[in-house]
Each structure stands twice: as structure tokens, then as C-alpha cells.
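The values are calculated or read from the model by the stated rules, or taken from the named source; none is laboratory data. Fair warning: this is a prediction, and the values are worked out from it, not measured in the lab. All Cβ positions, glycine included, derive from the backbone under ideal geometry; neighbour counts span all protein chains shown. Just so you know, the surface numbers come from the protein's heavy atoms only, side chains and all, with ligands and any DNA or RNA stripped out. Shrake-Rupley method; radii C 1.70, N 1.55, O 1.52, S 1.80 Å.
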Amino acid sequence: MKRLLIVLFLALVPVLCCGQESAADILESRECFQMKNVSYGTYTVYGKIRINKESAETAGMIRIFTDNDRTLSSFSATVTNSAGKVIKKLHRQDLESRALALELADDAFVYYYMPLAPVPYIVEYEYTLTYKRGVPAFPSYFPVIEENVRLVKGEYSVEVPSGTKIQHAGTVDPEVKKEDSKDIYVWRFNDYQGFSDEDLMPPVREIVPHVSASPVSFMFSKVEGKQGSWEDIGLWLYDLQKDTRDLTEQDKVKIREMTSGCKNTFDKVKILYEYLRKTTRYVSIQLGIGGYKPFQASTVARTGFGDCKGLSNYMKAMLEVAGVESDYFILNTNRADLDKGYSSVGSMNHAMLAVPLKDGGVMQGDTLWVECTNPVLPLGYRHDDVAGHQVLLVKNSGGDFIRCPKYEDSVSRLENKVRLFVWSTGDATVNVCQKAYLDFVESRLRLYDLDEKKKSESVARNIVVTSNNPKIISIKDNFQDYPVKGRGFVPEMITDYSVECRKYAESNGDRLFIPMTPLRRGVNWQRGTRKNDIYIEIGSTYLDSIEINVPINYEPESLPKSVNMDCAFASFSSDIKTEGSKVIVVLKTVFKAGRYPKESYSDYKTAVRKFNSMCTSRIVFKRKG
């Protein structure tokens, strides 16, 4: 669901180097949370930021989030120019505000202000939020979230009543001291030079300074809880869900009728999954205790919307009525591995369902990982926001921390079989059979919802030259094959299409100069010195097989040389040969999952340049006789 398609088009990726002048400097950043008791605390934030370049103006943007559990108590800010002259003084009434869940709730707002002035200028602000209904987690500290921003001085502190146990994780350890009746934890960060945003880089969280912290015992919206372990969190969440699966008798009767003819668990899940798709829509709602407790199932059934918690809980309620056991679970979609030794409800950002299959046959012992917020996904498919991730099953015995199985890298691939017919005029017809597997399927699912014209236009964008009369011949998938293949199921989507291209080839007397591939083909690479190590979360394969046909009175005269190149984390190859009057081209690119030192990027860059040059080369055909 979040895959970045690496091999898309020929491009140079610009990279900002930290040796250059930073786009913005955080001259000072201070954040302090003072916890008075389990239900009350204040959070004071101070920032002083110099904007050096217009490209970094968002680094000076002020954003403040409030809801029924936290209110804005004070705010002030000034914007000054390079000479120290005050351009604008800001007070609370100068902030813009917007509801975060328009028409769904009225207790969550973001207050914001975007300073705009001739660079360089300085934004200085301070505000305080009052937490009045409990604190399940202290605000995370991420002073740098944008590229080419330097942190000169940063400090994060947490003050708690003496003896209060907290847990924390971050890039540095805190200084701990006792003062009167409180314990004080202080994290300091000085002279962080910033990061460069690069392709194939590790997650930003692993690069920037940050701190996450939370109390072991807490209260939130008048609900007490413990999070000293994942088992504790599972129990707390399980208790929050009590009495939320309150479907009406009318709903229950309908569910039993829909599933009465089902032969096994999978069939029941399939019918209810389709019903969920047709009758609900996803809306993100993270308000107060609603950030952890799902909406009532009856509310979701009545309104037709819910967030990940509400929709998963609603699906679980329907499955219970149908006699199907399922486990509600939470995870972090952005991180496969969580911080060791740090168990906090604030570490997770998504909820789903796991349905164990116990009916025998090919599905016996398998688990369905059900994404309730996007039920257009094939049932039985573990999308890349969950595959390989640690997840917490919420059970009455507590949290059960497991890992969702991932797929082999070799399964993730995109294949194009192309037949290219070139006429003596240089015009061409291109027929493509594209096979997408696993997470490559996700970006193509929207084709089903487009009209025929937009479908055709969508696939035609993959052709390198202007094309006419794009036409979808067929779209096929195997989304219903899970009962046949069980845990070996891999989503597959096959799209057949054709396009006509005017002047695809250059005609020069007795010769045709034909681009070797009509598809957008090439690999991204960057100029300059690599700043980050290379990180590839999911390996992938791209394979193009191209058959070039020309008029019978032409024959190949000149072919590009085949290449075969490897680096630590990728390989590139081409095989170009003749079969009678045809030319057959096979292009293959493989990216290998893993983490690699930045020094290996130079070999990659060398290989990519050669491969890209070969991809853009032309094959020369001459007229016979």
C-alpha cells in the first residue's frame, strides 16, 4: 500500500547535501511535559527557527492540535527579519483553525499559521497545552522532520511526580534527576546537521533525533490503564471494547441470512467482507478515547462510516454473529519492528482483524489478515503495511505479540510482455500483456472503478511516445483463488491493452531506427555524494519481454549489446537477439531487500547509467536487397 515503484522512468534524482547551507536552522527547540498527576499535565513548546531558503518555509509553520482532552492555554509568536526588525507579532486570535473531523465530531482542531516573509527571517513561538483528562503517552519529540534542516540546540524534558514509573525510547539517553517532589528526565540534542532525502534510504525515524516516552500507569478520558508490557496493553484495549459489538437484532438476522448457505469460515468472511465494502466507508477519527476505543458496531452499521478501529470492530461483530472467531489486532504500518523494551499504546497507528481458519483442507491452519478499511483488496492478501510487521493481538488473556508472515521477495514482481509492430512509415502498434503480482496489484485496483476511456488513458501513460486509440482488451485477476491455494495465494492482475503510435520509429530512406522498448523503462539514480545507507524493505523484480516485428522486406542491421551488471543490492540484465526477421529483447531488474553501506552506491550508479543508456538505445533495421 505504500510501495514506491523504483523502476518507472528515466530520471535524475536531485539530492540536497548537508555540506551546503541548510535550508532552515532550528536555533532552539524546547519541549517540556509537566505531569501533575495521572489525569492532569501541561505541555510547553518553544521554538526559534531561521528560514534561509523559500523551499523550507514549511519548517517554520506553527501547528497545534487540540481536542476535548487537551486545550490551548497560551500562545505567542513573532516573525523578525535578518536585521532583527519585527515583521509581525502573533497572538492566539491570529491563528487559523480547522476541525479535524468535519461533520463527524466537533472536539478536535488544528491551529496553524504559515509565516511568509523575505528570506532569511526568524520565527519564534511559544505555547502551552493543558491536558485535563489523562495522558496515555507524552507527546513524541521530533524536532527535525524535513530535509536539509539543521538543529542547533534541542531539549526535551518530562517531569513526573516522584516515584512515577515511565518508559522511553529514543536516539539518546536522558539525564535523570530528582527535585523536590518530582522526577525530571531531560534529553539534549546539539548540532544535528540535518538529513538529505534520497531514494532507497532508511526510514527517517532512524536518522533524526527523537524521543518517545509514556507513563507505565496512566489514565485517559477517565479510563485507567497499564502499559508496562504488551500484555497489559492488550488487556486494556480488550476492556475498552466491551459492549461495543452491539448490533441490533435486525442486523443479526440479516447477517445470519447472508451466511446461512456458507460451507466454511472463508465463505462467511468473504460474504461479510463484500458487504462491508458495499455499505461502509473509511473516515479517520482519532478523538479522545476514540483514538483507542472503537465506535459502537451499531453506530457504524447505522452511519456507514468508521475508522480502522470502528470498521474492524464492526466486522468482528458481524463475524461473531456468523459464528466465526477473529482477533482484533493493532500495529504500526510505518515500522515492521517496534522499539525494543518500549510498550506503549502510542506506538501503534492501525487496527485490523486476524481470522484463524480451522475448517480443514488447503486453508487448514492458515490465518486471514483482513484489512477492513480497504475491502477492495483481495481477501487473503497481506498488504505491505502489515506483511512482516509485528502486531498485537487483543485477547481476553492480554496482548499476544506476534509477527504477520511476509512474502518471499521473489513473489513481488511486475512483468510486461510486449509485441511491437512497426510499419515502414514509422508508425507502430503496441500490444501489452502486463502481469502485476502482490503489492504491485494495489496501484492497479482503481482501474476497475474507471470508465473505459479513463482506463485506456491510464495504461497508455506507460508508453514512451504519444499514443492514439488506447484500448483495454481485458482485465483479469485471481482474487477469488484463495480457497484453492490457501496460504500460497498471491494476488495477480493481468491487463491486456493496445495502443497505436504515430512516428514511433524514425524512417530514413532504407532504414528504420526503432526505440528498443515502447514502455517507460529505466532506474532512478542520483548525482552527488550519497549521504544515507541504502535500505530496501521489500525486494522486487521487473521483467519486460519485447518482440519487435517489422515489414517483411526489412532485416536487423545493428543491435545494442546485451548487458549483465550486479551491485550489492541490485542486478540489471538485458538479452537481445534475433529470431528470423524479429528481434527479441528481455530486460530484467532485481532489487534485493536489505540494508547496505552507502559506499556501495557508486557501483549501483555505474550499473544504472549503463542500463538506462541501453534501455534508450535504438535498433536499426535496413531494407533488404
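Whenever a residue of the stretch 526-552 is over 24 Å from Glu206 (Cβ atoms) and open to solvent by 10 Å² or more (accessible area, probe 1.4 Å), its partners that are acidic (Asp, Glu) and not in a strand (DSSP E or B), lying with C-beta atoms within less than 9 angstrom and at least six residues away or across chains, give the pairs Thr541/Asp409. For Ser55, the conditions (1) closer than 30 Å to Ala213 by Cα; (2) open to solvent by 70 Å² or more (accessible area, probe 1.4 Å); (3) not β-branched (Val, Ile, Thr) all hold with the exception of (1). If the condition is being in contact (Cβ under 8 Å) with a residue 60 or more places away in the chain and assigned to a helix (DSSP H, G or I), then the stretch 197-242 contributes Arg205, Trp230, Glu231, Asp232, Ile233, Gly234, Leu235, Trp236, Leu237, Tyr238. The residue that is nearest to the chain's Cα centre (by Cα), counting only those in the stretch 127-165 that are polar (S, T, N, Q) and open to solvent by less than 20 Å² (accessible area, probe 1.4 Å), is Asn148. Given the criteria closer than 24 Å to Asn264 by Cβ, touching a Cys at 6+ places or on another chain (Cβ under 8 Å) and surrounded by 20 or more Cβ atoms within 10 Å (Cβ to Cβ), does Cys308 qualify? No: the conditions fail for Cys308. Tell me yes or no: at least one residue of the stretch 61-78 is in contact with a Cys (Cβ under 8 Å, 6 or more places away or on another chain) and open to solvent by 20 Å² or more (accessible area, probe 1.4 Å). No, because not a single residue in the stretch 61-78 is in contact with a Cys (Cβ under 8 Å, 6 or more places away or on another chain) and open to solvent by 20 Å² or more (accessible area, probe 1.4 Å).
Scanning the stretch 110-125 for residues that are assigned to a strand (DSSP E or B) and either buried (at least 17 other Cβ atoms within 10 Å of the Cβ) or more than 32 Å from the chain's Cα centre (by Cα) (or both) yields a total of 7. Only a single item in (1) of a type in the set (Ser, Thr, Tyr); (2) in contact with a Leu (Cβ under 7 Å, 6 or more places away or on another chain); (3) open to solvent by less than 20 Å² (accessible area, probe 1.4 Å); (4) more than 24 Å from Ile271 (Cβ to Cβ) is not met by Ser326, and it is number (4).
Counted as qualifying within the stretch 476-529 are the strands (runs of 3 or more DSSP E) with 1 or more residues that are β-branched (Val, Ile, Thr), namely 492-501, 511-515.
Of the residues making up the stretch 381-388, at least one is free of Cβ contacts under 8 Å to residues at least 24 places away in the same chain and either open to solvent by less than 30 Å² (accessible area, probe 1.4 Å) or touching a Phe, Trp or Tyr at 6+ places or on another chain (Cβ under 7 Å) (or both).
Out of the residues in the stretch 389-409 that are open to solvent by less than 20 Å² (accessible area, probe 1.4 Å) and either part of a strand (DSSP E or B) or in contact with a Cys (Cβ under 9 Å, 6 or more places away or on another chain) (or both), state the one that is farthest from Arg444 (Cα to Cα). Looking at residues that are open to solvent by less than 20 Å² (accessible area, probe 1.4 Å) and either part of a strand (DSSP E or B) or in contact with a Cys (Cβ under 9 Å, 6 or more places away or on another chain) (or both), I get Gly398. Of all residues in the stretch 79-92, which are open to solvent by 40 Å² or more (accessible area, probe 1.4 Å) and farther than 21 Å from Thr42 by Cα? Passing the criteria: Asn81, Ser82, Ala83, Gly84, Lys85, Val86, Ile87, Lys88, Lys89. In the condition set (1) more than 24 Å from Gly291 (Cβ to Cβ); (2) within 30 Å of the chain's Cα centre (by Cα); (3) in a strand (DSSP E or B), Val186 is compliant with all but (2). Summed over the stretch 410-463, residues that are aromatic (Phe, Trp, Tyr), in a helix (DSSP H, G or I) and at pLDDT 90 or above total 1.
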